[in-house]
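What follows is a short report on a single structure.
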Amino acid sequence: MTNFNLKILFLGNYILSLLFMVLSTNVETYLNIQSIIPLIISTLLLIDITYITSCNVRENNTISLFCGLLMLDSWYLLLSSIVTPVSTIIFEILSPIILYISIKFILLFLFQGSGYKFRKITDILLFITCFGTVIGTFISKRIYAGMYGLQFVVSIACFLYIVFYHWKRVDFVIRSEKKPIFISIFITLIGFIIYYFFTIKISNHISNFGIYLTVLIFSMSIHGIVLRENDSFPLSTIFSLKQRIILLFISITLISMIVIFSGGNLSIILIAINTLFMLIFICNIILEFNLKYEKKQITKDSKYTLALDRLQQEERLKIEFSNFLHDDILQDLLSIKNMTNKSHRPEIQDIICDTLNDLNTRIRKQMQDYHPVILKNLTVKENYQNLIESVSLTFSQRDISVSFICSDTLFLVEPYDILIYRLIKELLTNVYKHSNGSHAWITLSFEKDIIKLDISDNGVANTSLKTHLGISKISLDTTKHKGIVSIKEQVENLGGTINISDNIPHGACVQITIPMKGDGSYKYFVS
């Protein structure tokens, strides 16, 4: 589902929630504090959905799923104070769904949407138990209670097993996000204590509190991701932060005064505030649509600068792509064209087929160079294994055995996974092109927040390259070692090191170490 469709979905939910609040004000139960508190908290959740969704310009799946949890929790709160046959059934259905989405969200957050071992079986078990509990709602309360208990046990067991099995991976993410998580836990404890004593006279005032723990614990982390978008709220393109705060304060104050002087109670004020934020949400959706798809009115100077910058970028891309088409594609196409008159001959047909297969391989390689594809449903190891096989197929005329050593639980956050992908591809390609050896070894590991990549072969070591990179400060010949120069710059810019040495008894070994910083990775977390 696209980001725009998700915003329409959340907007529809806001409208339904607002209608529910309006209809519920006619019920006497909304005149007491036991029903006002859920209305207040639901209002805060709906406002938070509006803010987070509007800032989610990168279409981050974790943020979207978090907003989905907020949406479900808001309905859970709204329905908790209304006792009708329909509301009771919906209320009971929400519990297993919230549990299911909560576990999915936590795993998505910890693994950043990438693949991990036992993911498929975990997803199946979580879905089956959730679906069984929902079905049990329509059968009997005893079956529902039994299925819900089973779902809870299976969900917690699956979650704990995945966490302990991938402990190093989880530990890295938790340490990277420890500050916002600890702040969230602290705020949750303080808020719980205040809520407990404020509502101590209300029966069952802390029942089902665990339903909300997921959104409470990860709230600061999600808002931290949103803040990294550098003020990406669509209205920020028109109003400054100070202006937005002033307009919001004036709007809420005026609405509250009008409602109070007209004799409205607190529930009416909350409905009015929700109406205001729903209208703000609509404005954001329309504004974002216009910014993306409609022509923008800009001054001549900025228009000229923008056009010039785009022209330069397009020319660079055109030159690069033109060289690729001329050197790698056009010559083969012309040769195939010349052979079409003799295509009835079997040997010519074989040549044409081989040429087309070669073209297919080179085009795919170029596509991967422009934009490497890291499949989220595969683990890091599986993605890199596919890459190694792809490079080997590209040099099918070379008989080099490649050994790849990597842990099944290896975890690399974005954008480090793309960087290592490019490094493996470039260095393995160099082995196939320049080494006369018969074997290559690739070792990838992650220990103590350091990524270690070693690529070696049993060919002839390039001692001059070793001198340039490891010992001497003589500048490299960029025309001869362009790929290595680029790798060296990228690694050193990230605070890493690269060393090229002899591989005993013969061959060359490239050793790369790069520190992986998880706190900045969520800026690129756009799964």
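The values are calculated or read from the model by the stated rules, or taken from the named source; none is laboratory data. Every value quoted in this text rests on a predicted model; they were computed, and no experiment measured them. Please note: Cβ atoms are built from the backbone with ideal geometry, for glycine as well, and neighbour counts cover all protein chains shown.
Please determine, by comparing only the residues of region 213-240 that are over 13 Å from Pro180 (Cβ atoms) and at pLDDT 75 or above, which one is surrounded by the fewest Cβ atoms within 10 Å (Cβ to Cβ). Ranking the qualifying residues of region 213-240, first place goes to Leu213. Criterion applied to Val163, Val153 was being β-branched (Val, Ile, Thr) and crowded, with 16+ Cβ neighbours inside 10 Å, and the one residue passing it is Val163. As a summary of the residue check, Asn430 satisfies the conditions (1) modelled with pLDDT of 75 or more; (2) crowded, with 16+ Cβ neighbours inside 10 Å; (3) not in a helix (DSSP H, G or I) except for the one numbered (3).
Note on region 395-409: residues that are modelled with pLDDT under 85 and crowded, with 17+ Cβ neighbours inside 10 Å total 1.
Please return the ranges of helices (runs of 4 or more DSSP H) entirely within region 110-203 where 3 or more residues are outside the structural domain of Phe91 (by TED's automatic domain parsing) and free of Cβ contacts under 8 Å to residues at least 12 places away in the same chain. Working first, answer last.
Details: elements: 119-137, 141-165, 167-176, 178-198.
Per the criteria, 119-137, 141-165.
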